[in-house]
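Presented below is the structure to which this report refers.
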Ligand code: WTA
């Protein structure tokens, strides 16, 4: 691995990556095992979009994650699995054991009818079998579609149907903090409307009673007994699908973001090595859930590609108390710790006495991801967790980018609180105004776009290529539009200011306002609703819903409860509005468009400077909304 080792070198490598991107990425790709070398490094056209990296190259990512390491690392720990309950026994998986489990489960998938190209839905908590299941899919060329275990049956069935998954891998139940969640029941409910699913493979985690449907449901344990550990890795084209991951956008239902095998492998590995400056034998811990992109890229694929040792954590930061992260760091002597600002703020609020019992002296690097990290949280993290000695990498990226895009290189790039700092090699950011004109120079602010492809850029949205074009490539011709606002300061450092579209980032989770609105509108008494984000001390953003209720005698408290239940049912508890205001009308333009700008201001607590309201059909609704603001 030709890793960058100084800031000077970063500058030369960055320049090289922009001047000769093909050559630059080819060099990175050459470190891997390919079954056949590529004919051409890159084909691209953002107007379609069509993006191909390592054209006609053949590989299997699991050979690079596992087999390749066996001569040197067979007995090295790949994952330390730390259970939700600290009293329960932890599990260690070496590279050899992980390889064996992956090959065996790949054979289980085959025995249950899975073939190359099939989509397999994975819906489970953070148990070792989750990582094994992803890799087993990749081993046989099946496409995994992981659905975060906190989504509801309705959200799960929508995702299963959208990509036509034939197999679902799940658990009986899940432990999350003090909760015991009936995962298999959720799957059963979802499958009532997914007749195409032929098999459900169930890991027993909580040993709670579950209904097993004859012919459809099988136990992981029983199936693993029927197979051996011999499973050759399927030869995949660099552009064959590796996985689909659903994420929320401004409009409509969540989209299935598609990543492919070759470019994703090269890019996630490159960014992991350079951003974290991972050293052999270090212990790395990313606290994300594998159900999100951070877990896919930086718990499963990149650390394994790098031959790293990781912690895989089943629990939550506050169970049994708010010292859990710190206890786990000391237990495994974690060197690199990667978490989300929302967790940092929650643990800050819990108080320093939860940190006191722990040394935290193994820590070398701290990371942040998922949402803007405010200066106060950054400083707290730096002083209390890093003890002023650990560089913080604030990594900006997205489900669609596959890997980190703007971030310091740990210890090399000078950091600045709340700035993601500089683009990684291969990343060419551009700020544009609303008309799409480039904003040049420093000390400016605009909409963040990327003007050249990097190897892990999304290739399409599953089953709907036009939607991919409309969402990301149509707003500004020939540019990938991120949906984020961004400042570039006098030093050329980037600071992400948050979404400029109708996506809310709640505790680092992306939630589409349109999705929440359609869930609220399912309530029989609600005719219309509008949802916006507002600043929230812990979550980053909270959800504020304005609803029009036709039943005037309805008690607001029960209405609120019913709306929350509706949202939990349609999406999941993560999308529950924090505030619900009943209104008699919404501020609309004469053409019927809701002026969200006004609703956002009121939700933020602003009642004076609401901007121009003269184009509203009925400006009086604004006074009523202001008067009733929560
Ligand atoms: C936001 C998560 C500021 C941003 C990897 C982006 C951030 C969205 C940062 C993607 C950061 C992520 N600073 N904002 N360091 N990282 N975001 O797809 O708005 O779940 O567009 O990917 O999170 O969220 P996603």
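The values are calculated or read from the model by the stated rules, or taken from the named source; none is laboratory data. Everything numeric here is computed off the predicted structure, so don't read it as measured data. For neighbour counting, all protein chains shown are included, and Cβ atoms are generated from backbone atoms with ideal geometry for every residue, glycine included.
Brief remarks follow.
- Subset of the stretch 416-443 (residues that are assigned to a loop (DSSP other than H, G, I, E, B), within 14 Å of the ligand (Cβ to nearest atom) and over 21 Å from residue 6 (Cα atoms)): 418
- Within the stretch 334-362, the set of residues being away from the ligand (no atom under 14 Å from the Cβ) and touching a strand residue (DSSP E or B) at 6+ places or on another chain (Cβ under 6 Å) comprises 334, 335, 336, 337.
- Any hit, the stretch 499-507, residues being within 12 Å of the ligand (Cβ to nearest atom), touching a strand residue (DSSP E or B) at 6+ places or on another chain (Cβ under 7 Å) and farther than 21 Å from residue 249 by Cα: no
- Taking the stretch 286-315 as the range and being more than 16 Å from the ligand (Cβ to nearest atom) and in contact with a strand residue (DSSP E or B) (Cβ under 6 Å, 6 or more places away or on another chain) as the test, the residues that pass are 308, 309, 310, 311, 312, 313.
Rundown of residues vs (1) assigned by TED's automatic domain parsing to the domain that holds residue 44; (2) modelled with pLDDT under 95; (3) within 30 Å of residue 164 (Cβ to Cβ), yes/no style:
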{"residue": "388", "(1), (2), (3)": "no, no, no"}
{"residue": "400", "(1), (2), (3)": "yes, no, yes"}
{"residue": "406", "(1), (2), (3)": "yes, no, no"}
{"residue": "425", "(1), (2), (3)": "yes, no, no"}
{"residue": "433", "(1), (2), (3)": "yes, no, no"}
{"residue": "449", "(1), (2), (3)": "yes, no, no"}
{"residue": "455", "(1), (2), (3)": "yes, no, yes"}
{"residue": "460", "(1), (2), (3)": "yes, no, yes"}
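- Selection count where residues are farther than 19 Å from residue 268 by Cβ and more than 13 Å from the ligand (Cβ to nearest atom), scope the stretch 394-415: 4
- Residue in the stretch 429-439 that is touching a helix residue (DSSP H, G or I) at 6+ places or on another chain (Cβ under 7 Å) and touching a residue at least 60 places away in the same chain (Cβ under 8 Å) present: no
- Among the candidates 524, 511, 543, 548, residue that is within 16 Å of the ligand (Cβ to nearest atom), free of Cβ contacts under 8 Å to residues at least 40 places away in the same chain and either in a helix (DSSP H, G or I) or more than 24 Å from residue 423 (Cα to Cα) (or both): 543
- Of the residues making up the stretch 368-387, those that are away from the ligand (no atom under 14 Å from the Cβ) and touching a helix residue (DSSP H, G or I) at 6+ places or on another chain (Cβ under 6 Å) number 1.
- Comparison of 115, 104 shows that the only residue that is more than 16 Å from residue 307 (Cβ to Cβ) and not in a helix (DSSP H, G or I) is 115.
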